[in-house]
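So the structure is just underneath, and the comments pick up after that.
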Amino acid sequence: MTFRQFAYRNVIRNYRVYAAFFMSSVSSVMVFFIYSMLMFHPKVEDEFLREIAFQGMFVAEVILVLFMMFFLFYSMRAFLQARSKEFGLLMHLGMEKRQLNKLVLLETIIIGVTSIIVGIVFGYAFAKFFFMIVREILQIDSLPLYFSWEPFALTIGTFTSLFVIISFVSVMFIRDRDVIDLLKGYWRNEQTASYSKWRAILGLLILILSYVLASLTTQERLMVLSAILPPLASLGTYLFFTDTLQWLMSFVRARKKMYWHKYRLITVSEVSIIMRENARMFFISCMVSTLAFLAMGTLISMSTFTHQFHRLNPLGLVYSSKLDNPYEEAHINGLTKELEAKGLSYHLNKFTVKRQTSSNTQQPVKIIRQSDINRLALVFGYPVVNLDQGEAIFLAYSEKSLEELRNKKVRTVLQENSIPLYINSVYPRVLFSPTELGTNVIVINDDDFNLIDEAMVGANAEQSTNHLYVFHVPQWTATKNIGVELDAMVTDAYLNNHQGELPFYFENSGLDYSFIRSTFALLLFIGLLAASVFFLASGSFIYFKLYTGLERDKQQFNALRRMGITERELRKIVNRQLIPQFFLPWGLAMLHSTFAFMSLQAFWIGIAELSILREILIVLAAITCVQFFYFYLIRWRYLSHIR
């Protein structure tokens, strides 16, 4: 038997140990390959979408590679530790350290090459299915399966380098260990755990402080807290696993009535040792799980925003023009011709908007006459306004402002023209978004509107009055190619901070929705694939540790069997030992995510008054189901091994 055959048979013989490592590697290669196929796809011709797709895939691939480097390094250390007795025996029989290093390198290359081949095969096999999803996301006519050397070369080169680097680094951990130490194999250190009571209390206080700050997040404090909370929560989590848990375990062990129980004695002592020895691993698993939960929750909340986009932006096209705009007539005629050329039905309303100063607030207010509002209300089937002279109503720009203004009553005077008004209600529907008409808008009687002759103080007639053209298009999502040049001019002016020089403003809800929907959906697709790898890996960390101490656990349970333990009692002890390992990091990650989602809710409330509670509950419920499935699967395999 050659040296290469020996390495190959070692891998085959230890397939149970390498199973989770192999599956995680395959899934990572598959996801990376699919990203690469989408990055280099020749049919994504839209420059904006190509840029979003390329940048999103590139960032996801960099994160995936960095995570896999850490994952592989940690996994290899666990495997080498589990096989330390085998390595000691080989060295005792005369194998040199150079040959042992070569053996580990060959085994890693065998697993790595197999993972790369299987991952690419599965990636290419499922690429067409993912292309169908992306085609619907980006609204592309066709996204066929293609063959190009670039995705293959990028995937093979990246992961081959990754496996070679990890194998060279991993063997350093067995280079200086004596043969006697290796022959002893892996054995838990069951000495009394070392911890600091003050660090334990500090860890709890930091976590509580993080949760309190997250629950008190507002739109104004969001940026500051988003920079402070992640490192604060990470530090608290680390101290929780390294010190707080040991402090709590020592508290339980000190209560003999609680501790000296036939099952509890074994379970608490074992869990205490496991938690102490694997504190860093549980910390890593918790943080990786938190990252996966947050990625899924955040991206799904983005998709929720796209679903409610039309409620937040009810109008199709909006064109706002200053009085001295020389292009007004040409632009409106151009928009109507484009709509007619596309065969889209529309209803055009023209508003005259005047600005005056309110005596109540000494702030500018925008004035619209009721006849203009009633024409638009009839189009939507909303109630019409019937105001007497001297009466006015507020025009809300969002659902939140609608609630705030519902019971508000104000007496004011339009100072420039000395027109007294009594504002006693608010229009019951949201007709304009904040970007289209802004805030501080009131609707008045036509007779009062006609009395406004004087311009607002500090402004001329052109600055005090503007025209607003509103296109209601029933098929609003089909307007994404209408007014593209106008939209580009407005976007360019805002990017260069020259919006004040532009005599008009244009907004196309269909075009905005197309970009937002494509971007968010594509990011959701990218994020869910990456999150699935993180979620699988977080469970694999625990799987590796279980198999690292499997021989020792077998001996322990064999001793318990000889003492008369039954099969039912065995399962009960295994459950009590496995549940903390699986559900403590996961439960803390869920707690982290829940409070993080509170901060995310504050963000969405601030920009869109959007509730993401339903979506977050669905995400957390789905993750809980997957975690329970994973637990029972691993428990079944673990029980079968220790029997």
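Some observations on this one:
- Failed criterion for Asp553 (all others in (1) charged (D, E, K, R); (2) crowded, with 17+ Cβ neighbours inside 10 Å; (3) at pLDDT 75 or above hold): (3)
- For the range 354-412, a residue qualifies if it is of a type in the set (A, V, I, L, M, F, W, C), surrounded by fewer than 18 Cβ atoms within 10 Å (Cβ to Cβ) and either free of Cβ contacts under 8 Å to residues at least 40 places away in the same chain or not assigned by TED's automatic domain parsing to the domain that holds Thr465 (or both), and the qualifying residues are Leu378, Val384.
- The residues listed here are Leu546, Leu570, Leu578; of these, the one that is buried (at least 16 other Cβ atoms within 10 Å of the Cβ) and either of a type in the set (Phe, Trp, Tyr) or modelled with pLDDT of 75 or more (or both) is Leu578.
- Being closer than 30 Å to Asn360 by Cα and touching a strand residue (DSSP E or B) at 6+ places or on another chain (Cβ under 9 Å) is a description that does not apply to Met489.
- Test for Ala530: is it at negative phi and modelled with pLDDT under 75: yes
- Being within 26 Å of Trp476 (Cα to Cα), free of Cβ contacts under 8 Å to residues at least 60 places away in the same chain and either among the hydroxyl-bearing types (Ser, Thr, Tyr) or out of contact with any Lys or Arg (no Cβ under 6 Å at 6 or more places or on another chain) (or both) is not true of Lys350.
- So Ile634, is it touching a helix residue (DSSP H, G or I) at 6+ places or on another chain (Cβ under 9 Å), more than 22 Å from Gly527 (Cβ to Cβ) and either free of Cβ contacts under 8 Å to residues at least 60 places away in the same chain or in a helix (DSSP H, G or I) (or both): yes
- Complete set of residues in the range 622-633 that are closer than 25 Å to Thr594 by Cβ and either over 16 Å from the mean Cα position of the chain (by Cα) or of a type in the set (S, T, N, Q) (or both): Thr624, Cys625, Val626, Gln627, Phe628, Phe629, Tyr630, Phe631, Tyr632
- Output for the range 333-347, where each listed residue is buried (at least 18 other Cβ atoms within 10 Å of the Cβ) and in contact with a strand residue (DSSP E or B) (Cβ under 9 Å, 6 or more places away or on another chain): Leu335, Leu339, Tyr346
- Residue in the range 616-623 that is among the small types (Gly, Ala, Ser), closer than 16 Å to Ala214 by Cβ and at pLDDT 75 or above present: no
- Members of the range 399-431 found to be of a type outside the set (A, V, I, L, M, F, W, C) and under 20 Å from Ser464 (Cβ atoms), listed by number: Thr412, Gln415, Glu416, Asn417, Ser418, Pro420
- Positions within the range 413-429 being surrounded by fewer than 18 Cβ atoms within 10 Å (Cβ to Cβ), of a type outside the set (Gly, Ala, Ser) and under 18 Å from Asn386 (Cα atoms), in sequence order: Pro420, Tyr422, Asn424, Pro428, Arg429
The values are calculated or read from the model by the stated rules, or taken from the named source; none is laboratory data. Just so it is clear, the structure is predicted and the values come from calculations on it, not from any experiment. Reconstructed Cβ throughout: ideal geometry from the backbone, glycine too, with neighbour counts over all protein chains shown.
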